[in-house]
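S.K.: Let me begin by handing over the structure; questions about it come next.
The values are calculated or read from the model by the stated rules, or taken from the named source; none is laboratory data. Small disclaimer: the values here were computed from a predicted structure and weren't measured. Virtual Cβ from ideal backbone geometry, glycine too; neighbours counted across all protein chains shown.
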Amino acid sequence: MIKEILEENNYYPFGLNHQDYNTGIRKYKNISSIPRPMGVKKEEVDYKFMYNSKELQDELGLDWYDYGARSYDASLGRWFNVDPMADHPKQVGASPYAFVNNNPIRYVDPTGMIWEDPKDAERLNKSINKRIENIENKSAKIQAKIDKGGLSDKKLTRLEGKLAENSQKTELLSQSLADVEAIGNATETFKLGRPSATDGTHGVVKGDDGVITIEGSNTGLHIHEVRHVGQSLEAGGVKFNKDGKLLNAATTLEGARNNEVNAYQTQYSYDGSYPVGASSLKDINGKSLMKIKTADGRVVYEKLKDKKK
């Protein structure tokens, strides 16, 4: 099937069009799928989503791009509104009008924000802190029983084991809070979203607009993927494959397995869930990791198995 090229636009890094060999904005004819303003005929529609797939607002000759949080002038390489996150630690020392820290080759700013919706971070922090408080209250009750004395050696050992596990859970969830903060301080724009795959798996995916979606159908799964983002930031930055999926931050198979175990242990610390079941953090390990399967029976982490010699 031969397709007609309707438009071509080439841009300088800050968004100005190359001159003379671009077709520019044109009237698309007989394209019913393109949204049109009220009163505009179906047969004739201006398509204005151009640089960074943002809508060019050319009314009154302004030629500003609508990024949601603020407007951008490609001829100046500057925002026309103050950065709503200007007082954020990562922004201190930078102009609140500077686009992508004056480096459009390296950075993108899909929405003019850091977390696309800062409330995502607030909700995560609130949920994690509530769980930490719950664990610490349980530990306090356990410690009170131990301090009271009169326990058999068997029961004392069991309670001390619970205290140790609770301490580990609190440590893992505290790391999760640090991950949320690190994401807020990262260059990229992140948001929480639902899984894009239909096989029950979830991940971290970078869209064509540069926004990175942390996928999950519940808070526990979001926390799992937040841990993977944290691992990547600790290793030097987030990296993605050709399909836009986050690469494991480890450089060895063992390290990759450990990263997955760490993320599942963090998830378990929050809501007690693990795809193949677990009664303690010790049950979440490299061996049980290989038992996790998709709905159609495929081993999820097949690629992380040691290669046969």
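S.K.: Give the number of residues within segment 239-268 that are in contact with a His (Cβ under 9 Å, 6 or more places away or on another chain), of a type outside the set (G, A, S) and not in a helix (DSSP H, G or I).
M.R.: Residues that pass the stated criteria total 2.
S.K.: Quick check on my filter: what residues within segment 250-309 are on the phi > 0 side of the Ramachandran plot and either β-branched (V, I, T) or touching a helix residue (DSSP H, G or I) at 6+ places or on another chain (Cβ under 9 Å) (or both)?
M.R.: Once the filter is applied, which keeps residues that are on the phi > 0 side of the Ramachandran plot and either β-branched (V, I, T) or touching a helix residue (DSSP H, G or I) at 6+ places or on another chain (Cβ under 9 Å) (or both), segment 250-309 yields G272, G277.
S.K.: Something else: Could you say whether any residue in segment 128-150 is surrounded by 14 or more Cβ atoms within 10 Å (Cβ to Cβ), under 30 Å from A295 (Cα atoms) and not acidic (D, E)?
M.R.: yes
S.K.: E225 is checked against (1) in contact (Cβ under 8 Å) with a residue 60 or more places away in the chain; (2) among the acidic types (D, E); (3) part of a helix (DSSP H, G or I) and fails just one. What number does that condition carry?
M.R.: Checking E225 against (1) in contact (Cβ under 8 Å) with a residue 60 or more places away in the chain; (2) among the acidic types (D, E); (3) part of a helix (DSSP H, G or I), the one that fails is (1).
S.K.: So which residues in segment 270-293 are closer than 21 Å to V226 by Cα and touching a residue at least 40 places away in the same chain (Cβ under 8 Å)?
M.R.: Residues satisfying the conditions are Y270, D271, S273, L281.
S.K.: From the list E188, E165, exactly one residue is touching a residue at least 60 places away in the same chain (Cβ under 8 Å) and more than 25 Å from L246 (Cβ to Cβ). Which is it?
M.R.: Details: E188 fails: more than 25 Å from L246 (Cβ to Cβ).
Just one listed residue meets the conditions, E165.
S.K.: Scan segment 48-64 residue by residue and report those that are within 14 Å of N10 (Cα to Cα) and either out of contact with any strand residue (DSSP E or B) (no Cβ under 6 Å at 6 or more places or on another chain) or loosely packed, with under 12 Cβ neighbours inside 10 Å (or both).
M.R.: N52, S53, listed by residue number.
S.K.: Output the qualifying pairs, or none if there are none: Cβ atoms under 7 angstrom, residues six or more apart or on different chains, first residue in segment 144-155 and part of a helix (DSSP H, G or I), second residue modelled with pLDDT of 95 or more and aliphatic (A, V, I, L, M).
M.R.: K145/L159; I146/L156; I146/L159
S.K.: Could you grab me the full set of residues in segment 274-303 that are outside any loop (DSSP other than H, G, I, E, B), hydrophobic (A, V, I, L, M, F, W, C) and under 19 Å from T252 (Cβ atoms)?
M.R.: Across segment 274-303, the qualifying residue is only L289.
S.K.: Can I ask one more? Evaluate segment 174-184: report whether one residue or more is part of a helix (DSSP H, G or I) and touching a Ser or Thr at 6+ places or on another chain (Cβ under 8 Å).
M.R.: yes
S.K.: Same structure again: Scan (1) in contact (Cβ under 8 Å) with a residue 40 or more places away in the chain; (2) under 25 Å from K206 (Cβ atoms); (3) of a type in the set (S, T, Y) for the single condition T252 breaks and write down its number.
M.R.: (1)
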